[in-house]
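Shown next, in structure tokens, is the structure this report addresses.
None of the figures in this text is laboratory data; all of them are computed from the coordinates on show. What you see is a predicted model, and the numbers here were worked out from it, not measured in a lab. Here Cβ is always computed from backbone atoms with ideal geometry, including for glycine, and neighbour counts include all displayed protein chains.
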Amino acid sequence: METLTAAQYFFVYNAFSFTLATMAAATLFLWLSRSQVAPAYRTALTVSGLVTAIAAYHYFRIFESWSAAFSVRDGVVTATGLLFNDAYRYVDWLLTVPLLLIELVLVMRLSSSETASKATRLGFAAALMIILGYPGEIATDNTTRAIWGAISSIPFAYIVYELFVGLGAAIQRQPEGARVLVNRARWLTFASWGFYPIVYMMPFTSFSGSSVETGLQIGYTIADLIAKAGVGVLVFMIAVRKSAAEGYENGVLAGAPGLPADGSPAASHVASPAAGQPDTHN
Ligand code: RET
């Protein structure tokens, strides 16, 4: 890698540090908010917090790897000889991308067979997309990068199609108050996901050397912040709106004091087909 300027080095360094803090904070928020929503949406918040927790761990490792790969003395950056490990990012995606898709499907509360089939197909396509993208990411020549990038775009196109066409119909069945938010989550996912392949194409631009490396790291980091923490907060808001539409207040069925709020059988037979809940049984 061509030597970075001190400004480039610290820009990336600070971005990693910021992202580590954001992912850790988002994890706490999502997990601590579980009790604020109806039992049916708690798994979505758990999964959402898992995504940011896995990301926090990987950003810690990425940050450490970045610090170890360079040393800065008197404003001059030199490579230490220890390689910056790009694999952390792809391992992170391998775990978090299928989980993110599952989280989106879960918050829609489709029938269990629809949830299972959508989550499986989307999760599988997401894993394939990441695995096929990796050889291109570590390739040193642009032709290899372009080939793997193109192959990886096939499962990517399938996911985008499913999110837009497949889940479009499901969105129409969401309760009024949540429809706008679910649609926003779908768009935010689409926009942030679309950003990854664009960042991947950095080496094909007129930028070169250390600018490409800086651009790749900053670009992927911004996309990760939106796709994980941003979408996580939206999923929380959707869960709150849908809980309210189903008669829950602060995670408890309104007008039913004393009922367990943890989704135990005593509460769930009252809670399940609440009014205004057309999306549960189709
Ligand atoms: C790659 C390789 C080039 C082609 C395509 C890619 C897509 C990557 C995507 C990654 C999404 C990651 C997310 C992470 C958050 O947890 C692998 C860069 C299409 C869409 C959402």
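Could you work out the Rg to Rh ratio of the range 6-251, with Rh taken as the Kirkwood radius (inverse of the mean 1/r over all Cα pairs)?
That ratio equals 1.01.
Of Q8, T22, S117, which is farthest towards the positive pole of the chain's charge dipole, taken about the Cα centre with +1 and -1 on the beta-carbons of Lys, Arg and Asp, Glu respectively?
With unit charges placed on the Cβ atoms, the residue in question is S117.
I need the shape label for the range 143-237. Rule: rounded when a/c is under 1.5, else prolate if a/b > b/c, else oblate, with a, b, c from the alpha carbon gyration tensor.
oblate
When the chain is modelled as a GNM with alpha-carbon springs shorter than 10 Å, which of S48, S67, S152 fluctuates the most?
Comparing S48, S67, S152 in a Gaussian network model of the chain, the most mobile one is S67.
Say R0 is 22 Å: what FRET efficiency, to the nearest 0.05, do F11 and V180 get from their beta-carbon distance?
0.05
How many nm is it between the label spots at A191 and V76, if each spot is 7 Å from the Cα in line with the beta carbon?
Between A191 and V76, the simple spin-label model gives 4.4 nm.
Per DSSP helix of 4 or more residues, -39500 (n - 2.57); summed, then divided by the residues of the chain. What does that give at 222 nm, rounded to the nearest 500?
Counting only the DSSP helices, I get -23500 deg cm²/dmol.
Any idea what the dipole of the chain comes to, in debye rounded to 20, about its Cα centre with Lys/Arg Cβ at +1 and Asp/Glu Cβ at -1?
Here the chain has a charge dipole of around 560 debye.
Pick from V47, V199, V97: which is most flexible by mean-square fluctuation in a GNM of the chain where alpha carbon atoms under 10 Å apart are linked?
With Cα springs under 10 Å in the chain, the top fluctuation among V47, V199, V97 is at V199.
Residue by residue through the range 138-143, which ³J(HN,Hα) values in whole Hz follow from phi under the Karplus form 6.51 cos²θ - 1.76 cosθ + 1.60 (θ = phi - 60°), with glycine and proline marked x?
So the J values, rounded to whole Hz, are 8, 5, 9, 10, 5, 5.
Between V77 and residues 5 or more places away or on another chain, which pairs have amide H atoms under 5 Å apart, with H built 1.01 Å from N, and which residues are they?
A6
Among P155, P135, P39, which one moves the most in a GNM of the chain with springs linking Cα atoms closer than 10 Å?
Residue with maximal mean-square fluctuation among P155, P135, P39: P135.
So if each residue of separation counts as 0.36 nm, and I subtract the Cα-Cα distance between S112 and S210, what length gain in nm does that give?
Value of the extension gain: 30.4 nm.
Give the residue from N85, I218, Y158 lying farthest towards the positive end of the charge dipole for the range 6-251; charges sit on Cβ (+1 for Lys and Arg, -1 for Asp and Glu) and the dipole is referred to the Cα centre.
Among N85, I218, Y158, the one farthest towards the positive end of the dipole of the range 6-251 is Y158.
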